[in-house]
Structure formats: structure tokens, C-alpha cells
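The values are calculated or read from the model by the stated rules, or taken from the named source; none is laboratory data. Quick caveat: nothing in here was measured; it's all calculated off a predicted structure. All Cβ positions, glycine included, derive from the backbone under ideal geometry; neighbour counts span all protein chains shown. Just so you know, the surface numbers come from the protein's heavy atoms only, side chains and all, with ligands and any DNA or RNA stripped out. Shrake-Rupley method; radii C 1.70, N 1.55, O 1.52, S 1.80 Å.
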Amino acid sequence: MSTKKIAVLTSGGDAPGMNAALRAVVRAGISYGMEVYGVRRGYNGLLNGDMFLMNLRSVSDIIHRGGTFLYTARSPEFNTPEGVKKAADKCRAMGIDGVVVIGGDGSFRGARDLTNAGIPCIGVPGTIDNDIACTEYTVGFDTAMNTAMEMIDRLRDTTESHDRCSVVEVMGRRCGDIALQTGIAVGATAILVPEVPYDFERDVIQRMKFTQVTGKKHFIIIVAEGVGGVDELAKNIQAQTGIESRATVLGHVQRGGSPTLRDRVMASRMGDHAVQLLEKGIGNRVVAFRESKVVDFDITEALDMKRVFDKELYDMALRISI
Ligand code: F6P
């Protein structure tokens, strides 16, 4: 039997831990006797044949590095039926038997299309947003939250020194998980997420006034990117309460930096699992983390799943942030 050839790429927004996942895919693949190709700049690299054979040392000294050493991209050309066919033809021409795609929902749609075009693909969830319904965890989430927490701790120093209110936007696209977890971790007075509609007077102003009566003089309000409008919120808070308010958007700083232990280990486990599936000749699956186990789902079923926001945790956060 000829040697199995697999390729690996990172697609969409980079996330800390992607390098650890790449390392796992390369090392597990070689352990199974496969040839592993690294594809540069996501699906664009497949379209252009921009890939190279990797060896064990190709992924040395990257487990602790943020970003993705294969680079990443969002590829409009690949998002067309012609683009998918071109990429599949390129894979066939290069003898690629399967592809591991590390990215988010959008990248998995591409992996499903490429599988349907004859190239079995496995998705590994890599995004800071934790917004993929089939999995309780996505690689990069822990690092991004810890970075956000550290930044907000710094903000607190200056917010407290001036008796001010800081309104802070954290990333997450349409998902409020980063906001919820960091909001709890920094002791925010209010946490606004897209999953829970809010009333400005009741959920921000009254909460601030209530804590003010019991002696609180500075405030942190965490706002998920999916809610947005932090400048406006800060202005309105100042107008209604008289408390000097400032808006801060943490932005892409949350996507960088050395991955935490949790991200390195999760990335390693998920990358290895993806290769095990390809080794068995299985494609069209997304690797997921559920109930402390690494499992996998059919990509189409995974994409149809609805995300469930942890409302109990949100209510808990409200109970203790008074
Ligand atoms: O998906 C990761 C993420 O950082 C989101 O939180 C954010 O909405 C988006 O990517 C930003 O995308 P870009 O890097 O293209 O500005």
C-alpha cells in the first residue's frame, strides 16, 4: 500500500494554540507512517499548491508560540463551487488523501465542501470565540480570556485611582463566552452579551447605583463585541450617573501571545485525534470536546447544531457582582 499523504492548514482568524495543533498533526501523522504537508495561508494555499513536506523538526519550538506558523487567510475564491473544485483537483494532483483544517465554523463549511468534492477533511476547532456549537471548547479560548483578564486588571488600577467607570469591549464575534468568563474573573458590575437582551437602565445604571449605595466607587462594565457600542455606553453612563466613564476596546491583542497550558494540551489532543480519524480513512468529521472527552461529529450535523449559552452561569455572575 502506498504511503498516505495528508495536508494540514489553518484558516480564518488565528488563535493561540494553533501551532500546538499543527505540531500534533505533523508528529502524529509521521508516527502513523504518513507524509504530512503544511499548506500556507489556509485554503488559498490549496488553490495555489503552496504546500511543503514537513518532518518532525519542522514543528520544533512552536508549541509555545501564538499565531500560526503556516499563516492564515479567509479565501473568497475557495468559497465558490469552482474554487472548491480547483482545490480538490490540486489535492488529487499532489496525491493528498486527506486534509486537517484548523479553524472556525466558516473553515468547517469549506472542509465539508472539499470532502464532498472527494478529499476527506477533518476540522479542528481553533478560534478564540468558543462559538462552535458541537464543542464545549475551542483552541485559543483560554489564552484569549486570560489575556483579556490581565488587561482588565491593569485597567482596574487606573479606573480605581480615578473613581471612574471603565466600559470594556472584548472579542467573541456573536458569542458572549469571552465576556461572561472574563466578566466573572474581573468582578465586573455588569456583563452585556448578545445572548441576553439588556435594558440599559435596569441592567447597567441601577446595578451601578445599587453598588454605589453600599460604598462602591469604581466600576467595570464588560461588553461583548456582539453587543458593541462602548463609546455610546460610556457617554450615557456618565450622563446618567455623573461618574466619569471611559471606553476601551481590547481588540486584536486578545488573539496574540503564548498559549496557556490548557490551549496547548487541548490543541495537542484534538490534532492527534484528527490524524487518528484520517488514518482510519474517516473524513467529514469535526473534532470536539464534550464532557471531558475528545470526540467527533459529522461536519454537516455539527454545523446545524445550535449553541447553548450558559444562562445559569450568567445568572450566577449577576448574583455575585453586587
Ligand atoms: O473569530 C475571531 C475574531 O477575533 C473575532 O472575535 C472577531 O470578531 C474577528 O475574529 C475579527 O476578525 P479580523 O481579524 O478579520 O478583524
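At-a-glance table
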| read-out | value |
| --- | --- |
| Filter result (surrounded by fewer than 17 Cβ atoms within 10 Å (Cβ to Cβ) and on the phi < 0 side of the Ramachandran plot) within region 186-202 | Pro197, Tyr198, Asp199, Phe200, Glu201, Arg202 |
| Residue count for region 302-317, restricted to those that are in contact (Cβ under 8 Å) with a residue 12 or more places away in the chain and acidic (Asp, Glu) | 1 |
| Only listed residue being within 16 Å of the ligand (Cβ to nearest atom) and closer than 16 Å to Ser245 by Cα, chosen from Val223, Val204 | Val223 |
| Enumerated strands (runs of 3 or more DSSP E) restricted to region 4-80, each holding at least 2 residues that are among the aliphatic types (A, V, I, L, M) and closer than 15 Å to Ala111 by Cβ | 5-10 |
| Arg264, sole failed condition from (1) in the same structural domain as Ala28 (by TED's automatic domain parsing); (2) among the basic types (Lys, Arg); (3) assigned to a loop (DSSP other than H, G, I, E, B) | (3) |
| Checklist (1) in a loop (DSSP other than H, G, I, E, B); (2) within 16 Å of the ligand (Cβ to nearest atom); (3) surrounded by fewer than 18 Cβ atoms within 10 Å (Cβ to Cβ) applied to Gly106, failing item | (1) |
| Matching residues in region 1-27 - criterion: being more than 16 Å from the ligand (Cβ to nearest atom), among the hydrophobic types (A, V, I, L, M, F, W, C) and surrounded by 22 or more Cβ atoms within 10 Å (Cβ to Cβ) | Ile6, Ala7, Val8, Leu9, Ala20, Leu22, Ala24, Val25, Val26 |
| Selection count where residues are β-branched (Val, Ile, Thr), under 22 Å from the mean Cα position of the chain (by Cα) and either more than 24 Å from Gly126 (Cα to Cα) or open to solvent by less than 10 Å² (accessible area, probe 1.4 Å) (or both), scope region 140-165 | 2 |
| Test result for Arg174, open to solvent by 50 Å² or more (accessible area, probe 1.4 Å), outside the structural domain of Glu136 (by TED's automatic domain parsing) and in contact with a Pro (Cβ under 7 Å, 6 or more places away or on another chain) | yes |
| Every pair of residues 6+ apart whose Cβ atoms lie under 9 Å, when the first sits in region 171-199 and is touching a residue at least 40 places away in the same chain (Cβ under 8 Å) while the second is of a type in the set (Lys, Arg) and within 13 Å of the ligand (Cβ to nearest atom) | Met171/Arg255; Glu195/Arg174 |
| Among residues of region 109-132, those that are within 15 Å of the ligand (Cβ to nearest atom) and open to solvent by 10 Å² or more (accessible area, probe 1.4 Å), counted | 4 |
| Hits in region 230-257 (condition: among the small types (Gly, Ala, Ser) and within 15 Å of the ligand (Cβ to nearest atom)) | Gly251, Gly256, Gly257 |
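Per-residue answers, yes or no, for (1) within 16 Å of the ligand (Cβ to nearest atom); (2) outside any strand (DSSP E or B); (3) not β-branched (Val, Ile, Thr):
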| position | (1), (2), (3) |
| --- | --- |
| Val168 | yes, no, no |
| Ala188 | no, yes, yes |
| Lys217 | no, yes, yes |
| Pro259 | yes, yes, yes |
| Ala274 | no, yes, yes |
| Leu277 | no, yes, yes |
